[in-house]
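Only one structure is covered here, and it is reproduced in the block below.
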Amino acid sequence: MTALRREFFAKPWIWSFMGAVLVFMVSLAFTGGAGAGGMAVAALSLAAFAVVVGLGQMFVISLGPGNVDLSLPANIGLASAVAMKIMGGSDAWILAGILAACAGGLAIGLANYWLIRALRIPPIIATLSMSFIVQSIDIAYGRGLQVKPPPAFADFTDWRLLGIPVFVLLVIAITVVAAIALDRTLYGRSVLAIGQNMRAAWLAGVKVERIRCFTYGLCGLLGGLNGALLAAYFRGSSVDIGNEYLLASIAVVVIGGTSVAGGRANVPGLWGAALFLVLLQIMLNTFGADASVRLVTTGLVIIAVITAAGGRRQLR
């Protein structure tokens with residue numbers, strides 16, 4: 001029994017879920033239990049958006065040290081504008097708008113890889129530079145855009161099945177597919193192999209550059225999808241709609257148990273980390289904390305998690 005307990009708590013994703021439950025209970029105690037259902041639904045909905053971009057960021061970070069996509073916020077903002085512009089408030093154009101947002105995100109991801117590969121510059125510099133380019137396009141294209149989402153698309157974010165938002169169930173299904181792809185497919189194993197040792201993976205026959213290209217493209221595509229969903233959820237696009245996901249996309253990956261050194265990823269932990277961060281923000285809002293306190297608290301949590309993870313690796 002002791003061995004089972006030790007094995008259970010050794011799983012990194014367990015701690016993120018335990019943290020989410022603890023924060024939820026503290027919030028309920030402060031409010032006297034009022035609004036528990038609404039808080040849970042809101043947390044699930046907002047966490048789902050962080051999980052979508054977290055999935056893409058997780059695969060990129062798993063490629064090894066230095067790999068990260070800093071263009072996601074600009075990508076999301078532009079995708080929200082593109083989706084709303086294409087849809088034009090018409091239900092008939094919903095699919096076309098979503099596909100356009102995803103295609104734009106995919107193009108940004110592939111452009112990130114091209115900068116990294118062709119110009120031989122570090123991913124953090126390449127994706128940051130791409131972020132500025134995309135943001136300038138977004139400002140020119142999307143600023144002042146006053147297009148509401150089609151009624152059916154907006155209603156989709158409100159649909160519920162057994163009290164759970166349908167789009168949250170859709171994101172859960174996507175994470176299940178991602179977990180299977182990571183553990184059971186050649187692509188997922190190749191990503192982890194590259195993260196552990198790129199040269200060894202290349203010598204073993206892994207198509208390293210092809211996998212990296214696909215991974216950055218996948219991250220961009222998920223960013224585009226997230227932009228379209230956010231525009232539906234918040235009833236319109238915005239240049240700044242993706243700003244918070246620069247921190248959130250990295251935080252859910254790190255807190256969820258994925259190694260920042262690459263070679264080890266954890267899909268279930270994304271949900272635990274996303275719920276923990278969202279509930280932490282809700283708790284701080286309940287306490288009346290301002291934006292600066294919320295940002296500082298989130299940053300300290302990330303530092304604590306990285307420090308703890310580094311300590312565990314040293315002990316090993």
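Bear in mind that the values in this text are calculations on the coordinates, not laboratory data. Remember, it's a predicted structure, so these values are computed and weren't measured experimentally. Counting neighbours? That spans all protein chains shown, and the Cβs are built from the backbone with ideal geometry, glycine included.
Wholly within the range 157-268, which helices (runs of 4 or more DSSP H) include no fewer than the required count, namely at least 3 residues that are not aliphatic (A, V, I, L, M)?
166-184, 186-196, 208-233
Identify, by number, the condition in (1) in contact with a helix residue (DSSP H, G or I) (Cβ under 6 Å, 6 or more places away or on another chain); (2) surrounded by fewer than 24 Cβ atoms within 10 Å (Cβ to Cβ); (3) not in a helix (DSSP H, G or I) that LEU284 doesn't meet.
(3)
If I filter the range 223-241 for residues that are surrounded by fewer than 17 Cβ atoms within 10 Å (Cβ to Cβ), under 24 Å from ALA79 (Cα atoms), of a type outside the set (S, T, N, Q) and free of Cβ contacts under 8 Å to residues at least 24 places away in the same chain, do I get at least one hit?
Looking for residues that are surrounded by fewer than 17 Cβ atoms within 10 Å (Cβ to Cβ), under 24 Å from ALA79 (Cα atoms), of a type outside the set (S, T, N, Q) and free of Cβ contacts under 8 Å to residues at least 24 places away in the same chain, one finds at least one in the range 223-241, hence yes.
Quick check: is even one residue across the range 276-288 in contact with an Asp or Glu (Cβ under 6 Å, 6 or more places away or on another chain) and in contact (Cβ under 8 Å) with a residue 24 or more places away in the chain? Outline the logic, then answer.
Of the residues in the range 276-288, the ones in contact with an Asp or Glu (Cβ under 6 Å, 6 or more places away or on another chain) are none.
Taking every residue of the range 276-288 in turn, none turns out to be in contact with an Asp or Glu (Cβ under 6 Å, 6 or more places away or on another chain) and in contact (Cβ under 8 Å) with a residue 24 or more places away in the chain.
Pick out the one residue from ILE139, ILE164, ILE125 that is touching a Leu at 6+ places or on another chain (Cβ under 7 Å), surrounded by fewer than 20 Cβ atoms within 10 Å (Cβ to Cβ) and among the β-branched types (Val, Ile, Thr). Walk me through it before giving the result.
Working: ILE139 fails: touching a Leu at 6+ places or on another chain (Cβ under 7 Å); ILE125 fails: touching a Leu at 6+ places or on another chain (Cβ under 7 Å).
On inspection, the qualifying residue turns out to be ILE164.
Cβ-Cβ distance below 6 Å, separation of 6 or more or different chains: which pairs start in the range 104-119 with a residue that is within 16 Å of ILE61 (Cα to Cα) and end on one that is in a helix (DSSP H, G or I) and of a type in the set (Val, Ile, Thr)?
What qualifies is ASN112/THR127.
Give the residue, chosen from GLY89, GLY105, that is out of contact with any Cys (no Cβ under 7 Å at 6 or more places or on another chain) and outside any helix (DSSP H, G or I). Explain how you work it out, then say what you get.
Values: GLY105 fails: outside any helix (DSSP H, G or I).
Only one candidate passes the filter, namely GLY89.
Tell me which residues, restricted to the range 55-71, are under 10 Å from GLY263 (Cα atoms) and part of a loop (DSSP other than H, G, I, E, B).
Once the filter is applied, which keeps residues that are under 10 Å from GLY263 (Cα atoms) and part of a loop (DSSP other than H, G, I, E, B), the range 55-71 yields SER62, LEU63, GLY64, PRO65.
Residue-by-condition table, conditions (1) touching a Pro at 6+ places or on another chain (Cβ under 8 Å); (2) among the β-branched types (Val, Ile, Thr):
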position	(1), (2)
ILE116	yes, yes
ILE124	no, yes
SER129	no, no
PHE132	no, no
VAL166	no, yes
ALA178	no, no
